Every structure is written in structure tokens, then in C-alpha cells.
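Comments concern the structure below.
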């Protein structure tokens, strides 16, 4: 079983990329490939730019990676209550090539943030929108207060209750 995981951020120190990587590692008997959105940096999407360059090769490469997955593990970064620009741009370019960007792959949808709401606004937006673009969301989970609830040195959730909740969610949903 192959898992493609990524955080919806282009930050070099993305807590969502770290969280997606960690969660993907909880699946048994899986090979995990972690994508970095910086490897899919394209010009800001507009129909004018698309008319000039056509279907962007990096969007095609992103869709090819999604096609390789048996399961997607995505942790959405929240910027002012919404997607990061980096994620939205990759999503916009990709959706012009293939409406079902997520290609009906089973998905664990996550979010985290330093704040107590754990990216819950962007998580709700994603839960509502992704199914219209081929997202088969099997489970979702928000990790609040990342800095207090995730031990970076041990690379795991430090709150035992949240740790058990995520592991149980994966076990029963996949």
C-alpha cells in the first residue's frame, strides 16, 4: 500500500507537513512518500497565464503523484481561516487538467496550527469542497495547539488522549 502525504503549506518548517508525515507513518504495511509543495511552485494561476503556458508540467506531475497513491494523507495549513496560497495554487492548476484532483483516493484529512482551534476552519472548508474534486474523505482530525501537543524531538503527539484518538481513527477508518 502506497501513501502519498503532504502538508498544505510551502513553509520550510511546516508543522502540517510534519503532522502529515507523522500520521502517514501510523499506517501498517505502508510505503510513504511525502510531497513538498515547494516542488510544485508555479506562477500564480490565472486564465491569462494558462492561455500563455497551457497545462503546467508541475501540475501534471502533482496529479501523477496523486495517481500513484492508494491512500492520501493531507494536513491543511490555515492562513486567515482558509487554504494557504501555495496549496490553492497547486490545486487550481491541477483542477484545470483533472477536475477530480484527488482521483477518488481514500483520504485522511488533517489540520493543525499553533492555536487552540487546530486549523478547524480550513479543515471544514476542505471537508466540504474536496468531495467535489474526487476526495474520498474516510476520516478527519484536527490537532489543536501544535506546539503544546506535538513533541518535535520524539516526533509524535505528546497528548496521550489525542494520540489514541488519531490511532483509533486510522484503525477503524482504513
At positive phi and in contact with a helix residue (DSSP H, G or I) (Cβ under 6 Å, 6 or more places away or on another chain), is that true of residue 81? yes
The condition of being loosely packed, with under 14 Cβ neighbours inside 10 Å and touching a residue at least 40 places away in the same chain (Cβ under 8 Å) holds, among 155, 128, only for 155
So, restricting to helices (runs of 4 or more DSSP H) that lie completely within region 63-174, which ones have at least 2 residues that are over 25 Å from residue 12 (Cβ atoms) and more than 16 Å from the chain's Cα centre (by Cα)? 85-97, 160-173
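Rule-based calculations on the coordinates, nothing more; no lab input. The shown structure was predicted, so the numbers you read here are calculated from the model rather than taken from an experiment. Please note: Cβ atoms are built from the backbone with ideal geometry, for glycine as well, and neighbour counts cover all protein chains shown.
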